[in-house]
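To start, the structure itself, in structure tokens.
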Amino acid sequence: MILVSAIIASALVASIAGISLFIMGNSSAIHTDSHNLLNGISIPANRYLKAVVSVNDFKLIADLALTQDQQTKGLAIKNHMNESEGMLFVFQHPSIQSFWMKDMNFPIDIIWLDANRSVVYIAPNLQPCPSQGNCPGYVPNKDSLYVLEATAGFSHRHNVTVGTKTNFQLVG
């Protein structure tokens, strides 16, 4: 049993190291100098990295919107999303980040987080914009470094309020 555990642990370490080497060795990657989740990591331009996001003991797997293209498209690339999925936007520096629901296919909650990964603002149950007409923007009153998009009602179901601490870890 100990040998099996050691083999599994070695495989896990090798897998993580391989992901790290791929990320750092990708020549077409975009580099970030920010002091955040991605500090020192090269960002591949051709795929989404993923992170496990923990909010009040609930874990979800989030696609990371890191490049300008990924951040512009956001969740409009999906037709639906499960409770255990999301998208985490990671910015270079804390600032006021405005979002809208243009081209979205389903309602979501948008949760803004500061550099300490604490919730600073929540816009719940946002509906997609109509194909024609006005599409309002949602703007927090505080700077954020991260923005989490989750299923509509997520904040309510998981007791997320301003000040709630979150955590996330890059998984590849």
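Since every read-out is calculated from the coordinates, none of them should be taken as a lab result. Everything quoted here is computed from the prediction, not taken from an experiment. So basically every Cβ, Gly included, is an ideal-geometry build from the backbone, and we count neighbours across all protein chains shown.
Exactly one of (1) buried (at least 17 other Cβ atoms within 10 Å of the Cβ); (2) small (Gly, Ala, Ser); (3) over 13 Å from ASN56 (Cβ atoms) is unmet by GLY133. Its number?
Every condition holds for GLY133 apart from (1).
Could you go through the range 77-88 and let me know if any residue there is of a type in the set (A, V, I, L, M) and assigned to a helix (DSSP H, G or I).
The answer is yes; a qualifying residue exists.
Pick out the one residue from ASP69, ASP63 that is acidic (Asp, Glu) and surrounded by fewer than 13 Cβ atoms within 10 Å (Cβ to Cβ). I'd like the intermediate steps shown before the answer.
Working: ASP63 fails: surrounded by fewer than 13 Cβ atoms within 10 Å (Cβ to Cβ).
After applying the criteria, what remains is ASP69.
Considering the range 91-118 alone, what residues qualify as being assigned to a strand (DSSP E or B) and crowded, with 22+ Cβ neighbours inside 10 Å?
Selection gives ILE108, ASP109, ILE110, ILE111, TRP112, LEU113.
Inside the range 91-111, can you point out the residues that are under 22 Å from ASN79 (Cα atoms) and among the hydrophobic types (A, V, I, L, M, F, W, C)?
PHE99, TRP100, MET101, MET104, PHE106, ILE108, ILE110, ILE111
For the range 149-156, state whether one or more residues are surrounded by fewer than 16 Cβ atoms within 10 Å (Cβ to Cβ) and not hydrophobic (A, V, I, L, M, F, W, C).
Among the residues of the range 149-156, at least one is surrounded by fewer than 16 Cβ atoms within 10 Å (Cβ to Cβ) and not hydrophobic (A, V, I, L, M, F, W, C), which makes the answer yes.
Filter the range 48-60 down to residues that are over 16 Å from GLY172 (Cβ atoms) and touching a residue at least 12 places away in the same chain (Cβ under 8 Å) and give me whichever is surrounded by the fewest Cβ atoms within 10 Å (Cβ to Cβ).
Quick first cut of the range 48-60, residues over 16 Å from GLY172 (Cβ atoms) only: 54-58.
Add one more test, that the residue is touching a residue at least 12 places away in the same chain (Cβ under 8 Å), and what stays is 54-56, 58.
Details: SER54: 15, VAL55: 24, ASN56: 12, PHE58: 15.
Once the filter is applied, the top-ranked residue is ASN56.
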